[in-house]
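Below is one structure, written out as structure tokens; the observations come after it.
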Amino acid sequence: MKILRNILITTIMSFTAFTYSDIAEVYQWKAFPGKNAEMMQSMAKAAAIHTKQGAHVSIDAHNVGSTQLVNYLLRWDDGASYAATKDAQTNSEEWVEFWAESSANPSGEMMASFQGVNIDPTVMASDFEGSYVYSVGIWKVQPGKALDLIQRFQTAEKILEEAGARVEIYQGCLLYTSPSPRDKRQSRMPSSA
């Protein structure tokens, strides 16, 4: 039985006094027509490299049957683990080879990316191992309302968890959204994935 996991990522630009643990990056991709298999193969190669470098990785279809987006999700237990992976990427021959191969034949477009830190310091990246269903909600916080919004999320979290869902609340930011149709520049698979 799959466990429903809801992740609420809040877009909060102000600093708060919370202690963080689990760090997550979500990259949403859409394959170019006829390139879904190639994009998934490319993601699997990237996941193998990220895993070697210390990240927990999952690749999950998002809204199958409608948007056909695929989420490439990276997690780390803490800031030190996150930094170690990022440092390893800067000197990685595997990444150089991967980018050369992927750039020669792009298979998809990145539609959006998000980064967040869990406000529950007891949550670890390894808590999310395995296959699961999840959704992500992004909220733009009105100035001065961050604490109120987090308290409301915590109330909703209790209600949803009583109904059998797993809910995590992240403080983070939207890193990228797909260019508008007027913008001829495109981000191609695999950007940071």
Which one of these is outside any helix (DSSP H, G or I) and either over 28 Å from G144 (Cα atoms) or modelled with pLDDT of 85 or more (or both): S81, S58?
S58
Is region 76-83 home to any residue that is of a type in the set (S, T, N, Q), more than 15 Å from the chain's Cα centre (by Cα) and within 19 Å of D22 (Cα to Cα)?
yes
Does region 158-169 contain at least one residue that is in contact with a Ser or Thr (Cβ under 6 Å, 6 or more places away or on another chain), closer than 22 Å to G79 by Cα and either modelled with pLDDT under 85 or among the small types (G, A, S) (or both)?
no
Can you find, within region 124-144, the residue that is modelled with the lowest pLDDT among those that are small (G, A, S) and assigned to a helix (DSSP H, G or I)?
S126
Taking the condition at pLDDT below 90, open to solvent by 50 Å² or more (accessible area, probe 1.4 Å), not in a helix (DSSP H, G or I) and not aliphatic (A, V, I, L, M), does S21 pass?
no
For region 84-95, give me the residue count where each residue is more than 16 Å from the chain's Cα centre (by Cα) and either closer than 12 Å to H56 by Cβ or surrounded by 13 or more Cβ atoms within 10 Å (Cβ to Cβ) (or both).
6
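The values are calculated or read from the model by the stated rules, or taken from the named source; none is laboratory data. Values in this document were obtained by computation on a predicted structure and should not be read as measured data. FYI the Cβ positions are ideal-geometry reconstructions off the backbone, even for glycines, and counts take in every protein chain you see. Accessible surface is based on the protein model in full, side chains and every heavy atom, while ligands, DNA and RNA are left aside. Shrake-Rupley method; radii C 1.70, N 1.55, O 1.52, S 1.80 Å.
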